[in-house]
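Novice: Would you mind keeping the following structure in view while I ask a few things?
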Amino acid sequence: MTLQETISQNIRKFLNDKGLKQASIAYNSDYTEGKVSKILNGEQKMTIEDLSVFATALSLREIDLLTYPDIYYKKEESEAEPVEAVLQIKLKQDKKDQVLKLVFGENNIEIFNK
């Protein structure tokens, strides 16, 4: 299946899921119903501009027409997975105590005693 066929199929599925007709794309854009039909039926090549017009007319983003019914969400930095790091250092006992005191302060005694 070509990219145009996939996009056309996704647009048709979206229209069907929302109970809309191809005429709604024409109504919400400056395209005629005939032009919309020709593009969706593959009689006329779909351009990037057409993709953008269709997305705008359907209140979607262009990427959503590529992935529908899945919708793309950008993961925000605040939602980023926490980084887990493991650091292993071999130290003599006296140096180990100093490092633990630097890292945990006086609380390191409580951590080891629990």
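Novice: Would you call residue 102 surrounded by 10 or more Cβ atoms within 10 Å (Cβ to Cβ) and modelled with pLDDT of 75 or more? It would help to see each step written out before you state the result.
Specialist: Values: surrounded by 10 or more Cβ atoms within 10 Å (Cβ to Cβ): no; modelled with pLDDT of 75 or more: yes.
No; evaluated as a whole, the condition is false for this residue.
Novice: Moving to a separate point now. Give me the residue from region 36-74 that is in contact with a helix residue (DSSP H, G or I) (Cβ under 7 Å, 6 or more places away or on another chain), assigned to a helix (DSSP H, G or I) and among the polar types (S, T, N, Q) and, out of that set, surrounded by the most Cβ atoms within 10 Å (Cβ to Cβ).
Specialist: Among residues in region 36-74 that are in contact with a helix residue (DSSP H, G or I) (Cβ under 7 Å, 6 or more places away or on another chain), assigned to a helix (DSSP H, G or I) and among the polar types (S, T, N, Q), the one surrounded by the most Cβ atoms within 10 Å (Cβ to Cβ) is 37.
The values are calculated or read from the model by the stated rules, or taken from the named source; none is laboratory data. Just so it is clear, the model here is predicted, and its values are computed rather than measured. With ideal geometry, Cβ positions are generated from the backbone for all residues, glycine too; neighbour counts draw on all protein chains shown.
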